[in-house]
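These notes are about the structure you will find just below.
The values are calculated or read from the model by the stated rules, or taken from the named source; none is laboratory data. Predicted model, so just to flag it, every value in this text is computed and none were measured. In this analysis, Cβ positions are derived from the backbone assuming ideal geometry, glycine residues included, and neighbour counts consider all displayed protein chains.
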Amino acid sequence: MSGPVMDTAAQERARIALPVVDVLRRPDGPRDRQFLYGAPVLILSSQDGWAQIRAEKDGYTGYVPVAALTAPLEATHWVSAPATHAYAQGDFKSADQCSLSFGSLLRVSETSGRFAATELGHVPATHLMPIGSLMQDPVTVAEGFLGTPYLWGGDSRFGIDCSGLVQAALMACGIACPGDSGPQERDLGRALPEGSTYMRGDLLFWKGHVALVRDGESIIHANAHDMAVAIEPLQAAITRIAEQGDGPVTAHKRLS
């Protein structure tokens, strides 16, 4: 791994140098989101070991330790498996260097046999897709996260929340998507009238929550009820959420 950016005063662009880094509301403050390895960012300011950064992918802004940043490097591939490992050699029996989540960005220098050589080590080639290659179905992407622990502000296979899951699923399919559920409700798709038929890929919103519709009878969402990414009967989820005091569905939206 390249060394961290120690002096950000003269460097505006950087990338995330850790597998996952918490993006904080303020230095030493609460986590709002997470950025993944290789994510390009713009450094807005830095002081006392903290950098205020903005993600290039969606404009999300927050604070990370300066040590979590390194110099820009043009990625060639992204991790398309739910999670993977980088190994010391192109051999699954060699030492693993780190774990990487779906959506992490890497630069592949060469591919030999079953492994791609990257700046972090050797990654199974079948776990990568070239930059610009897209998946086709956001629901299928979300299903790859089934069982992932729920984590408020999480954006990785190691822990994810409702809006993080939706963003990962949509962006893997080339659909621009904000990081939080409020802007997602505001910006994504077209609103459908109450009583509309539910279709695969529709989005259901509640106050502070979002889910993807799998079919006319079920949704998939990262939720604090299961404390995981789970599939839940659609009408049962609507009833449960209302009964626990979190209100009715605030929007039913369709992406196309």
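Worth pointing out:
- Selection of region 233-256 for residues being within 21 Å of C177 (Cβ to Cβ) and in contact with a helix residue (DSSP H, G or I) (Cβ under 9 Å, 6 or more places away or on another chain) yields V249, T250, A251, K253, L255.
- Residue that is farthest from V229 (Cα to Cα) [pool: residues in region 107-121 that are in a strand (DSSP E or B) and in contact with a Gly (Cβ under 8 Å, 6 or more places away or on another chain)]: S112
- Residue that is in contact (Cβ under 8 Å) with a residue 12 or more places away in the chain and either within 21 Å of G147 (Cα to Cα) or not hydroxyl-bearing (S, T, Y) (or both), where the choices are G201, G195: G201
- Filtering region 122-138 to residues that are part of a strand (DSSP E or B) and under 25 Å from M171 (Cβ atoms) leaves V123, P124, L128, M129, P130.
- Selection count where residues are at positive phi and surrounded by fewer than 18 Cβ atoms within 10 Å (Cβ to Cβ), scope region 133-186: 2
- Filtered residues of region 125-145 (kept if more than 18 Å from L105 (Cα to Cα) and of a type in the set (V, I, T)): V139, T140
- Residues of region 47-81 classified as more than 26 Å from A176 (Cα to Cα) and touching a residue at least 40 places away in the same chain (Cβ under 8 Å), total: 3
Okay, residues lined up against (1) assigned by TED's automatic domain parsing to the domain that holds T61; (2) under 12 Å from C162 (Cα atoms); (3) not small (G, A, S):
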{"site": "G182", "(1), (2), (3)": "no, yes, no"}
{"site": "D187", "(1), (2), (3)": "no, no, yes"}
{"site": "S196", "(1), (2), (3)": "no, no, no"}
{"site": "M199", "(1), (2), (3)": "no, no, yes"}
{"site": "L203", "(1), (2), (3)": "no, yes, yes"}
{"site": "W206", "(1), (2), (3)": "no, yes, yes"}
{"site": "G245", "(1), (2), (3)": "no, no, no"}
{"site": "T250", "(1), (2), (3)": "no, no, yes"}
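- Number of residues in region 82-106 that are free of Cβ contacts under 8 Å to residues at least 60 places away in the same chain, surrounded by 16 or more Cβ atoms within 10 Å (Cβ to Cβ) and either in contact with a helix residue (DSSP H, G or I) (Cβ under 6 Å, 6 or more places away or on another chain) or assigned to a loop (DSSP other than H, G, I, E, B) (or both) equals 2.
- Of all residues in region 35-46, those that are in contact (Cβ under 8 Å) with a residue 40 or more places away in the chain have Cβ atoms under 6 Å from Cβ atoms of residues that are of a type in the set (S, T, Y) and part of a strand (DSSP E or B), 6 or more apart or on another chain, in L36/S101.
- Candidate set from region 43-80 (those that are among the aliphatic types (A, V, I, L, M) and touching a Lys or Arg at 6+ places or on another chain (Cβ under 8 Å)); member that is surrounded by the most Cβ atoms within 10 Å (Cβ to Cβ): L69
- Taking helices (runs of 4 or more DSSP H) as the structural unit, those lying wholly within region 148-256 and holding at least 1 residues that are more than 20 Å from D58 (Cα to Cα) and of a type in the set (G, A, S) correspond to 234-243.
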